[in-house]
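Written below as structure tokens is the structure these notes are about.
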Amino acid sequence: MLKVKPKKRHIILAGALVTLCIATAGVVYAIIYYGDQAIARQESTSKAHLAKLDKKIEEIEAKKLAEKKAKEEAERKAREKAKKEAAQKAAAEAALQKQLAGQTVTPAGCAISGAHGNPASIDVVVNKKRCFSPINYVPADIVYYQGYPISNKIYSNLVAMINAAAAAGKSIGLTSAYRSYDNQVATYNHWVSVNGSTAAADQVSARPGYSEHQTGFAVDVSSGGAGLEAFANTAAYTWMTNNAHKYGFVQRYKPGYEAVTGYSAEAWHWRFVGTAAATDMKTKGIHTLEQYWGLPGGGY
Ligand SMILES: [Zn+2]
């Protein structure tokens, strides 16, 4: 065994202790240093990841904003378009009303009065030369049959005729009856807008204040769904040409008399004039009210 002096042994021990302390400090430092590095690396990875997420969120939000803006823009454009269309429609309607105001001015002398000029009397004659006075005349005795308004003066005869036809196996239904002045304004305007001019509309529709339907004495009929021109080919039409006079009705616009009545033939349009006049016309073979009572007719 090495013999060391006690003093020297102390020095060696102290040296060893110092060395141990330094080594320990180094190890501790290394642990702390590398630990920090690892944490820093982890932090940096997390930060990058968060940055990516943030970017993604920003992108989604930007996309959402762009979509919202596009939607708002489309809605704004649609609103503008609708507004423009409404304005155009209103302008067209105003122009049409202006045109009608000029066209449908009551011609001098067309207002009915005197003989066959009382719109509340069943012998009244209204045609393109004879308009209502007042122009917006409304019958005071409107009643309803099959849901259609008619003058009470024709009610019982109309019902009796339709019932007699039914008993003979012929079905007759109404498709139109009394039409007010305002209703005819709408009807006539409709045909003006469809056909493009008042001249073209005059071919298919009476001007307001000139329609026999405004008396409440005229009806349009059909049979089993066959109305207008098709009615002429029905058994009900044949029955009416042979029997309607017994109930006071005449076919108002017959073929061959267009120049007299001012209207193309209408198989479906029947007018009540009372049984005396209707039977007398049938017996004498007179086909128009204008000829029967010696009144002007034809076009406007
Ligand atoms: Zn009619």
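Only residues that are within 16 Å of the ligand (Cβ to nearest atom) and either in a strand (DSSP E or B) or farther than 18 Å from Ser223 by Cβ (or both): list them for the range 264-283, please.
Across the range 264-283, the qualifying residues are Ser264, Glu266, Ala267, Trp268, His269, Trp270, Arg271, Phe272, Val273.
Looking at the range 283-299, which of its residues are in contact (Cβ under 8 Å) with a residue 12 or more places away in the chain and surrounded by fewer than 17 Cβ atoms within 10 Å (Cβ to Cβ)?
Scanning the range 283-299 gives Gln291, Trp293, Pro296, Gly298, Gly299.
Restricting to the range 215-248, name every residue that is out of contact with any helix residue (DSSP H, G or I) (no Cβ under 6 Å at 6 or more places or on another chain) and within 18 Å of Pro149 (Cα to Cα).
Across the range 215-248, the qualifying residues are Thr215, Gly216, Val219, Asp220, Val221.
Given the criterion surrounded by 14 or more Cβ atoms within 10 Å (Cβ to Cβ), modelled with pLDDT of 95 or more and in a helix (DSSP H, G or I), identify the matching residue among Ala160, Ala165, Ala201.
Ala165
How many residues are surrounded by fewer than 16 Cβ atoms within 10 Å (Cβ to Cβ) and either β-branched (Val, Ile, Thr) or within 16 Å of the ligand (Cβ to nearest atom) (or both) if we restrict to the range 218-231?
So the count comes out to 3.
Identify the single condition in (1) of a type in the set (Val, Ile, Thr); (2) surrounded by fewer than 22 Cβ atoms within 10 Å (Cβ to Cβ); (3) not in a helix (DSSP H, G or I) that Val250 does not satisfy, given that it satisfies every other one.
It is condition (2) that Val250 fails.
Quick one: which of Thr234, Thr288, Thr261 is over 33 Å from the mean Cα position of the chain (by Cα), within 14 Å of the ligand (Cβ to nearest atom) and at pLDDT 95 or above?
Details: Thr234 fails: within 14 Å of the ligand (Cβ to nearest atom); Thr288 fails: within 14 Å of the ligand (Cβ to nearest atom).
Matching residue, one of Thr234, Thr288, Thr261: Thr261.
The conditions are (1) in contact (Cβ under 8 Å) with a residue 24 or more places away in the chain; (2) assigned to a loop (DSSP other than H, G, I, E, B), and Ser222 fails exactly one of them. Which is it?
(2)
Say we look at the range 237-258 and pick out the residues that are without any contact (Cβ under 8 Å) to a residue 12 or more places away in the chain and within 16 Å of the ligand (Cβ to nearest atom); which of these is nearest to Asp202 (Cα to Cα)?
Checking each candidate, the answer is Glu258.
Considering the range 168-189 alone, what residues qualify as being closer than 17 Å to His245 by Cα and either at pLDDT below 95 or surrounded by fewer than 17 Cβ atoms within 10 Å (Cβ to Cβ) (or both)?
Ala168
Out of curiosity, is Ala206 in contact with a helix residue (DSSP H, G or I) (Cβ under 9 Å, 6 or more places away or on another chain), of a type outside the set (S, T, N, Q), in the same structural domain as Ala276 (by TED's automatic domain parsing) and within 14 Å of the ligand (Cβ to nearest atom)? I'd like the intermediate steps shown before the answer.
Details: in contact with a helix residue (DSSP H, G or I) (Cβ under 9 Å, 6 or more places away or on another chain): yes; of a type outside the set (S, T, N, Q): yes; in the same structural domain as Ala276 (by TED's automatic domain parsing): yes; within 14 Å of the ligand (Cβ to nearest atom): yes.
Yes; evaluated as a whole, the condition is true for this residue.
State yes or no: is Ala232 aliphatic (A, V, I, L, M), out of contact with any strand residue (DSSP E or B) (no Cβ under 7 Å at 6 or more places or on another chain) and outside any strand (DSSP E or B)?
no
Of all the residues that make up the range 186-202, how many are more than 14 Å from the ligand (Cβ to nearest atom) and touching a residue at least 24 places away in the same chain (Cβ under 8 Å)? I'd like the intermediate steps shown before the answer.
Filtering the range 186-202 for residues more than 14 Å from the ligand (Cβ to nearest atom) gives 186, 189-190, 192-202.
Checking which are touching a residue at least 24 places away in the same chain (Cβ under 8 Å) leaves us with 189, 192-193, 198, 202.
So the count comes out to 5.
The values are calculated or read from the model by the stated rules, or taken from the named source; none is laboratory data. Being a predicted model, the structure only gives us computed values, none of them experimental. Neighbour counts are summed over all protein chains in view; Cβ atoms, including those assigned to glycine, are modelled from backbone coordinates with ideal geometry.
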